[in-house]
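Undergrad: Let me give you the structure first, and then I'll get to my questions.
The values are calculated or read from the model by the stated rules, or taken from the named source; none is laboratory data. Every value quoted in this text rests on a predicted model; they were computed, and no experiment measured them. All Cβ positions, even for glycine, are placed from backbone atoms using ideal geometry, and neighbour counts span all protein chains on display. Protein only, heavy atoms only, side chains kept; ligands, DNA and RNA dropped before computing areas. Shrake-Rupley method; radii C 1.70, N 1.55, O 1.52, S 1.80 Å.
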Amino acid sequence: GTEIVIGEFHAYTDDEVERYFNAIDRFYTGRAKYNSIQFPVIFRLFYCCGTRLNETLSIRVKDVDLRNGTIRLVETKNHRERYIVLGDDLLDLMISYADKCFYLLSEKDYIFSSNRGEHHSNDRIYSVHRETLQYAGIPFRGDREGPRIHDWRHTFAVRSFKQMIDSGMDIPPFRF
């Protein structure tokens, strides 16, 4: 068959995923201790739910439904509201995060915010990502070659398809 390549992306290996999350779980900065609680949750949303950076940073308290294990994404690529469902482990992490942080916030506040109360800038999250890659021993080849934050979304997609195939689901061929 003919190989079809749609853009370039990096899918994180199991070893890279483990090293990355070991590193992000140890992330600490003395000037904003709150970040050491936020960043592991932010990056797990990328990996476990395939969320985009702006979608994740735009989540407000009112968008999180811990009882049903869902998060409403309002600021999405095509301006279409959608929901993500949290797996059990991620839901437990989100409940723990909410217990530590949500009592400080109003319904309209972003759940991931800087010490000024604004949601983190994309540049800040990119910086944390590059620091984490370095700490995890995962080579960063540049902004266009990655691994990039958006590659967590690609990894999510690849792993989701693999999980469906492994469970016996018949995946029809893509038609272009």
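Undergrad: Evaluate the following for GLY69: is it among the small types (Gly, Ala, Ser), surrounded by 14 or more Cβ atoms within 10 Å (Cβ to Cβ) and in contact (Cβ under 8 Å) with a residue 60 or more places away in the chain?
TA: For GLY69, the condition - among the small types (Gly, Ala, Ser), surrounded by 14 or more Cβ atoms within 10 Å (Cβ to Cβ) and in contact (Cβ under 8 Å) with a residue 60 or more places away in the chain - is not met.
Undergrad: Within region 50-77, count every residue that is among the charged types (D, E, K, R) and part of a loop (DSSP other than H, G, I, E, B).
TA: Of the residues in that region, 4 qualify.
This table checks each residue for (1) of a type in the set (S, T, N, Q); (2) in a helix (DSSP H, G or I); (3) open to solvent by less than 30 Å² (accessible area, probe 1.4 Å); (4) free of Cβ contacts under 8 Å to residues at least 24 places away in the same chain.
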position	(1), (2), (3), (4)
ARG19	no, yes, no, no
ALA23	no, yes, yes, no
PHE43	no, yes, yes, no
HIS79	no, no, no, yes
LYS108	no, no, no, no
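Undergrad: Of the numbered conditions (1) open to solvent by less than 50 Å² (accessible area, probe 1.4 Å); (2) polar (S, T, N, Q); (3) closer than 26 Å to VAL64 by Cα, ASN115 satisfies every one except a single condition; which is it?
TA: The number of the failed condition is (1).
Undergrad: Are any residues in region 95-135 in contact with a Phe, Trp or Tyr (Cβ under 9 Å, 6 or more places away or on another chain) and of a type in the set (A, V, I, L, M), and if so, which ones?
TA: Answer for region 95-135, where residues must be in contact with a Phe, Trp or Tyr (Cβ under 9 Å, 6 or more places away or on another chain) and of a type in the set (A, V, I, L, M): ILE111, ILE125, VAL128, LEU133.
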